Amino acid sequence: MADPTSVLIELRHVSHEYAAGSGQERTLVLDDINLTVSENDVIALLGPSGCGKSTLIRIMAGLVTPTRGEVFWRGEPLCGVSPGVAMVFQNFALFPWLTVRQNVLLSVGHLPPEEQQARLEKALATVGLGAYEHSHPRELSGGMKQRVGIARALIAEPAVLCMDEPFSALDVLTAETLRNEIGRLIADSNHPLRTMVMVTHSVVEAVFFATRIVVLAAHPGCVEAVLPVALPYPRDTEAPEFRAIVANLHARLTRSHLPDVAGDPSKVVTKVDEKRRHIAPVSLPYVTPGEVLGLLSLLGENDRDVFELAERLGKEFVAVVSVLKAAELLGLVETPGQDVRMTALGRVLTGATTPDQRRLIREQLLKLKIFELLTRLIRVQENQVLAEEDLLHELQIALPHEKPRPLFRTLLSWGRYAELISYDQRKRSIKLYEGRRRAAAIAAPVPSDNKGGANP
C-alpha cells in the first residue's frame, strides 16, 4: 500500500456520465473508479476503445469534473485544474499563431526570463527541436507538433505528467526515440519528472514504462485489474523477464476481451457482466470489412497465436483484438485460448467469389441484433427512408455505452459492403439496398397479356 504522505492524486468512487442525444439520456462511461497515484508511480491505463481511458486521465488532471465521486490532490479536494499536473494531448493542441518557443513557454511565463530560457533549452533538447524554436506549427510535421506538446509539458517540471496516447501521431523512429528519452528521464533520480500517468493501446509500451498497469474493462469503464511491474529501469524489451510480463498481460487481455461464448453470437460476456451477472448485447467493433477479410487471408488454414497475428499485421494487440471480435461475432473465426482458428464458414468465405462473399456477410449481419434493429427502423418509416439523426438517436438509446458516431460509421461500412443498406450523403438518410430487387425484377419472366397463349 502506498505511503499516504506520498499520494499525489486519489480518486474515490469516481463515476462519470455524458449527456446523449437530446440531453435527456445519460451515458455512464466510468463506474466506481478507486485509484491512487503516488510519488515515483508510473501508471499505464490499458483497455479497449470506449472504456473511458481518456476521460479518466482528464479527471486526474482536473480538466473534467466527475459526475460522482471525489478527486484529491495531495490530500485536498481538487477544484478546477490540478496545479501539479501537466497534460500531453493526442491531438497536439498547439496555438497556430504562436512559434514553438511561445507555445512551449506558455506555462512558465511567471518565471524570471533567465529561468524560462534555461528550461526552454532543456525541454527542446529533450524532444530534439532545438533548431525549431522560432518556427510556427504550420511549418512542422505531425510528429514534430506532438514533440512541441511534450516539451510544453516538460518545461513546467510537473509533479505528475499525464499523457494521452502521446506517441500515436509519431512515425516509428521518432516515437521510439521519445519513448527511450522519457524512459531515461523517469529512471533518473536527479530529474524532477518521476511520476507519470499515460493512456496507451500498446501492451509493450505499458510494460516498458509502468510500475503499475491498470487494466480497464468497458461498458462502462471500471478497473478490472492492477498489475505491478517490478522490472528495473532502463528496460530491455528483449529481456526474458520483460517478454514474460508482456505474454502474461496478453493472456489476461485475451481472456478478458475474447471470451469463449457459446450460443447467441451477438452477445458476449465481459468482466463487468460477470460481476453483475448480466449478458449485454453488443454491436460490431469499430473495424471495417477489409480488416476482417485481410485477417482471414493472413490466417489461412492454420491456427495462429493472437500475438503472432498482431506482429504480422503490424498492429497493436488491442486493435487486433477488435478485428478478431468482429470476425468471431460473424462466425468466421474461433478463439480458443490464445489461438485463432478459422471456422468452416470462414473457409467458405475466403474461397468464394466477391458477390458470394457479400451474400455470406449479409446473412451473418442479419443475425446480429444491431442489424435487426437497423433494418426494422428502416421498414417502419412511412417511405422506408431513415434519417441519419434519427438512427443516431436510436443507437444511443439501444446501446448507451457505445459512441453513436463511430458506431454509425461502422454499421454504414458493413451494411454497404454487404449490399444491405444504401446511404444518401446529400440527404443524410439510409434505406435498404434496392440493387438486388432491381436485378431480380430484370431477370424475372414477363407475364404475357395474350390470353390465348399464342405468341404474337
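The values are calculated or read from the model by the stated rules, or taken from the named source; none is laboratory data. Bear in mind that the values here come from a model prediction, so they are computed numbers and not experimental data. Glycine gets a Cβ as well: all are built from the backbone with ideal geometry, and neighbour counts include every protein chain shown. The area values use the complete protein model at the heavy-atom level, side chains included, leaving out ligands, DNA and RNA. Shrake-Rupley method; radii C 1.70, N 1.55, O 1.52, S 1.80 Å.
Amide H contacts of Val199 (H built 1.01 Å from N, in plane; Pro and chain starts excluded): Leu45, Met163, Asp164, Glu165 sit under 5 Å, all sequence-distant by 5 or more or on other chains.
Its Cα centre serving as origin, region 135-251 has a Cβ charge dipole (Lys and Arg +1, Asp and Glu -1) of approximately 220 debye.
Bridging of Lys122 to aspartates and glutamates at a Cα separation below 19 Å is possible for Glu114, Glu133, Glu157, Glu181, Asp188, once same-chain residues fewer than 8 apart are set aside.
Summing Cβ point charges (Lys, Arg +1; Asp, Glu -1) relative to the Cα centre of region 1-142 gives a dipole of roughly 340 debye.
In the full protein context, region 304-370 carries 43 Å² of accessible surface per residue, based on a 1.4 Å probe and ignoring ligands, DNA and RNA. Across the protein chains, with a 1.4 Å probe defining accessible surface, the residues Thr343, Thr65 rank Thr65, Thr343 from largest area downward.
With r as the distance between the Cβ atoms of Gln381 and Thr237 and R0 = 60 Å, compute the FRET efficiency 1/(1 + (r/R0)^6) and round to 0.05. The formula returns an efficiency of 0.65 here.
Just the protein heavy atoms count here, and of the accessible area of region 307-366 at 1.4 Å, carbon and sulfur take up 47 percent. Remark: spin-label model distance Thr177-His13 equals 4.9 nm, labels positioned 7 Å along the Cα→Cβ axis.
Accessible surface area normalised per residue over region 1-152 is 48 Å², counting heavy atoms of protein chains with a 1.4 Å rolling probe.
Summary value for region 149-232: 25 percent relative contact order, contacts being C-alpha pairs under 8 angstrom separated by 6+ residues.
May I ask you to compute the full-extension gain from Thr354 to Ser189, defined as 0.36 nm times their residue separation minus their alpha-carbon distance, rounded to one decimal in nm?
So the extension gain works out to 53.4 nm.
Residue-wise HN-Hα couplings along region 206-221, as the Karplus relation 6.51 cos²θ - 1.76 cosθ + 1.60 with θ = phi - 60° gives them from phi, are 4, 5, 4, 9, 7, 8, 9, 10, 9, 8, 9, 9, 10, 6, x, x Hz; Gly and Pro carry x.
Overall, the anisotropy analysis places region 315-418 in the oblate class: the square-rooted eigenvalues a ≥ b ≥ c of its C-alpha gyration tensor yield a/c not less than 1.5, with a/b not exceeding b/c. Taking the 1.4 Å solvent-accessible surface of region 159-254 as the whole, the part contributed by carbon and sulfur is 56%.
Protein heavy-atom accessible surface, 1.4 Å probe, per residue over region 164-249: 41 Å².
One decimal place: the segment Glu39-Thr67 gains 7.4 nm when fully extended, by the rule 0.36 nm per residue minus the C-alpha distance. Surface composition of region 28-74: carbon plus sulfur atoms contribute 43% of the solvent-accessible area (1.4 Å probe, protein chains only, all chains present). Rounded to the nearest 0.05, the FRET efficiency derived from the C-beta distance between Leu345 and Glu311 at R0 = 25 Å is 0.45. Legend: residues Tyr18, Tyr233, sorted from most to least accessible area (1.4 Å probe; ligands, DNA and RNA excluded), read Tyr18, Tyr233.
When the charge dipole of region 80-214 is built from unit charges on Cβ atoms (+1 for Lys and Arg, -1 for Asp and Glu) and taken about the Cα centre, the candidate among Ser135, Ser168, Gly80 whose Cα reaches farthest toward its positive end is Gly80.
Listed here are the pairs Lys145/Lys325; Lys53/Lys403; Lys325/Lys367; Lys369/Lys427; Lys369/Lys403; which of them are more than 23 Å apart at the Cα?
Lys145/Lys325; Lys369/Lys427
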